[in-house]
Structures are given as structure tokens and as C-alpha cells.
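For reference, the structure discussed in these notes is given below.
The values are calculated or read from the model by the stated rules, or taken from the named source; none is laboratory data. Bear in mind that the values here come from a model prediction, so they are computed numbers and not experimental data. Glycine also receives a Cβ, built like all others from the backbone with ideal geometry; neighbour counts cover every protein chain displayed.
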Amino acid sequence: MPHLHIKEFKDIQYPQRVDEVVFNFSVFNVNHTNDTLISVTVEDDTFFLLHRNDSNKNLLKSDKLTRPASIYNVHKALLAYAKVSGIEVLSSNVPEYEKNVHLEEVSALKKIEFFATKFPDADDIRIEVGFGSGRHLLHQAVSNPEILFIGIEIHRPSIEQVLKQITIQKINNLLVLDYDARLFMELVPSNLVSKVYVHFPVPWDKKPHRRVISTAFIEEVNRTLQVGGTLELRTDSENYYAYSYETFIAFNKTTLHINKNKDIAVSSKYEDRWKKMEKNIYDVTMINEEFSDDLFIEGNFDFQECSLSRDEICALHSKTEKFEEGFIHFERIYENQKQFLIRLSMGSFDRPEHLYLHLENKNVSYYPQLPLRSRSNLLVHKYLDGVLHG
């Protein structure tokens, strides 16, 4: 992760603009003096820089929750803050370079709002979850120019590598999203997608709740697939294969095709390595045979005025509210003289979202963006509104 190791943190005046970087405000953790968030906007990205002093080591880096897909924008923000604040940088892994020419004009990278507002319309749509190096995704897009592909990945360097190739190869039928695929599937319209690829997902043997393949994920994919559409899992993990097979077969009605060491048109560098190691590769293909009801989501993320006092807001720290539909966990409370920021996790138990709430003059809003407009998030939002309204 890009960061600056600094001698001493210095705050600045807000708002302030430095070249193409706008610093909006800063807030301080009410329970830990060594934790500061700085709101920054670069181009179309609004995110937080994080200052933290752990074990007498001062670090300025990007906040993990809001970090944008563009690493270049993070680098620009860190260097701009060092410049305007006059902090002494002891060491740095932030390069000073111009933006890669192949990333100057990037139209393929989309934010979640793009899909939530109006989902793309095409005769055939295919989705790849966790595209990694992008070798399979790029091959599919180039080989099928009449099909719209959506690639989902949370590893920033992988995203940038694919975006470069989209520019170099002039690919115009591929969209890229930096988001949790389990949440993304909840807003895909029903009966729209022909294929969903999940190639070599992280096995998460020690944290199985983080696996992409789950009962809830399969249900959402089934809903989004056309009749005859497929969910295609490919894995080298014996444990993941066994777990996935048991999860698929537990459904009352399912059609599966199982293949072992099947050759496909393109393989990743990791798959090539595993084959040299003579590891087995398993393919589990689920075929959807039923038409689903249309997706219907009702509600909004509006708040009433907050009626809590400062002490009551601060007392929310570390509290958890659980409901039948999901939960809300208040992780940290930040403030300055004018406003509060609450870091929280909320939503369904197996697919939570992590985000911030902004409170100023009794007005409440999500910051810097709304949660995904899913059924579970909308239900939990009502409880959250009630907690803040008192």
C-alpha cells in the first residue's frame, strides 16, 4: 500500500486546493488521538487519507474503505498533502511520475453508481468475478466483440493492468468494476446474463465465510442468468471444489456438469504453474433452467434529522445492533469542531458493506457515496435511521 513515513503529522486549513487535489476536511478519532482522516477529492474520486501513529511510527496512507481504483490518484493526494502541510518525510514508497499514457483516458472503469442507476443494456452480457491477471477476461472480450463483458476485481494493480490492455488493444465491449461481487450481483436485473465466470477464487480455507461461492451467491446468480445460462467455477483447490459441490448439490433442484483437468482456450499464469506442478483443475458448471421474477427493490437512503447529543453519538463506538434482516456495527467515531464521521459496517451478515456516515448540523448522509441499493441494505438503513433519530 502506498504510504509516507513522516516525522510528525501536521494538519492544514480546509478547504484547500493543491494543483488538481482538493482537501475538503479532516476529522479525528474521539477514542484514539493517533487516528486522523482527511477527505480528499482527485478528479472524480473522493476518498480519505489516513494518518496513524502506531508504535511511534507515523504513517500517512490511503484509507482502505474508500481507496479508489486509481493508484495514481492516491499517489497524487499523498504527495500534495506532504507539499501543502510541510511535513518531513522520512521514507516513502510513493513514486513521483506522470500518469501512464494508457490510463489517461479510461472509460471502461466504472463506479458502482453506474450500474445501480441504470444497468447496461446488451443482447448478451457475461460477468467474470475476480479476473486477476485478466488473461481470460481479455481473451473472451477480444474473441466475442458482440458480447458485453463486465469484470469485477478488488486488487488495484490487476485492475490497472487490464485497463492498460483495454486501451492498447482498443477493446470497447468490456467494463471494469472495483467492488465486492457478492454485493454487485444483488443489483443485476433478472434473466439478463448468459455466463458468470468464477475462475480460481481465493479458497479462504481459514475464513470460509469470505468465499465467493455460497448459497446466497448462487441464488443471486441463478436469478440473473437467462434460461440455459451458466455459472462456471474453475479451481485448483480440492477443498474449494468439495465445498462448492456440496453447496450446489444442496439445492432442491440443480443441474451440474463436472470436469477434471479440462483444457480451455486460455489459461492464467497461475494455472500454467499449477499444471507444471501436476495439480488437478476442477470445473463445476451450473446450468440455470428456470425463469426468475423481475428484480424489484423499493426504498431510499434518506435520513431524518439526527437528534442525538455529542455524548450519545460518541457512545455509539463499538456498539452492534442486530436484526433479523442484518446488523449495524459502529466501528469508530471521528469529529472536528463542525461535524462527525462514523465508520460502520452494515447489511446482511454474510455480505456486509463497510462505509462512513457524515453528520453536520443534525443532517445525516452517507459519505462519500451511498451504500449499494440492495434489499438487505435498505432494510437495515431503516434501523440505522431510527438509532440516529433517537
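Residues that are touching a helix residue (DSSP H, G or I) at 6+ places or on another chain (Cβ under 9 Å), in a loop (DSSP other than H, G, I, E, B), of a type outside the set (Asp, Glu) and crowded, with 18+ Cβ neighbours inside 10 Å occur in segment 228-238; there is at least one. Residue count for segment 247-304 under the criterion of being aromatic (Phe, Trp, Tyr) and in contact with a Pro (Cβ under 9 Å, 6 or more places away or on another chain): the result is 1. When segment 181-209 is filtered for residues that are charged (D, E, K, R) and either surrounded by fewer than 19 Cβ atoms within 10 Å (Cβ to Cβ) or assigned by TED's automatic domain parsing to the domain that holds ASN377 (or both), the ones remaining, listed by number, are ASP205, LYS206, LYS207. Considered as a group, the residues in segment 19-43 that are surrounded by fewer than 18 Cβ atoms within 10 Å (Cβ to Cβ) and touching a helix residue (DSSP H, G or I) at 6+ places or on another chain (Cβ under 9 Å) include one that is nearest to PHE340 (Cα to Cα), and that residue is VAL30.
Here is the figure for segment 218-246: residues that are in contact with a Pro (Cβ under 8 Å, 6 or more places away or on another chain) and either of a type in the set (Lys, Arg) or closer than 23 Å to LYS260 by Cβ (or both) total 6. In segment 262-283, the residues that are touching a residue at least 12 places away in the same chain (Cβ under 8 Å) form Cβ pairs under 6 Å with partners that are part of a helix (DSSP H, G or I) and loosely packed, with under 15 Cβ neighbours inside 10 Å, at six or more places apart or across chains, as follows: VAL266/HIS139. Restricting attention to segment 273-298, the residues being of a type outside the set (Lys, Arg) and more than 18 Å from PRO201 (Cβ to Cβ) number 14.
Annotation: ILE87 fulfils all but one of (1) touching a residue at least 60 places away in the same chain (Cβ under 8 Å); (2) in the same structural domain as LEU225 (by TED's automatic domain parsing); (3) not in a strand (DSSP E or B); the unmet one is (2). Among residues of segment 62-79 being among the hydroxyl-bearing types (Ser, Thr, Tyr) and not in a helix (DSSP H, G or I), the one that is nearest to the chain's Cα centre (by Cα) is THR66.
Run down SER374, SER348 and say which single residue is out of contact with any Gly (no Cβ under 6 Å at 6 or more places or on another chain), among the small types (Gly, Ala, Ser), at negative phi and not assigned by TED's automatic domain parsing to the domain that holds LYS111.
Values: SER348 fails: out of contact with any Gly (no Cβ under 6 Å at 6 or more places or on another chain).
Within the list SER374, SER348, the selection yields SER374.
Of all residues in segment 377-390, exactly one satisfies the criterion of being over 15 Å from ASN300 (Cβ atoms) and crowded, with 20+ Cβ neighbours inside 10 Å, namely LEU388. Kindly evaluate VAL212 against the criterion of being exposed (fewer than 13 other Cβ atoms within 10 Å of the Cβ), among the hydrophobic types (A, V, I, L, M, F, W, C), in contact (Cβ under 8 Å) with a residue 40 or more places away in the chain and not in a helix (DSSP H, G or I). When the stated conditions are applied, VAL212 does not pass them. Once segment 114-148 is narrowed to residues that are surrounded by fewer than 20 Cβ atoms within 10 Å (Cβ to Cβ) and acidic (Asp, Glu), the residue that is nearest to ILE168 (Cα to Cα) is GLU146.
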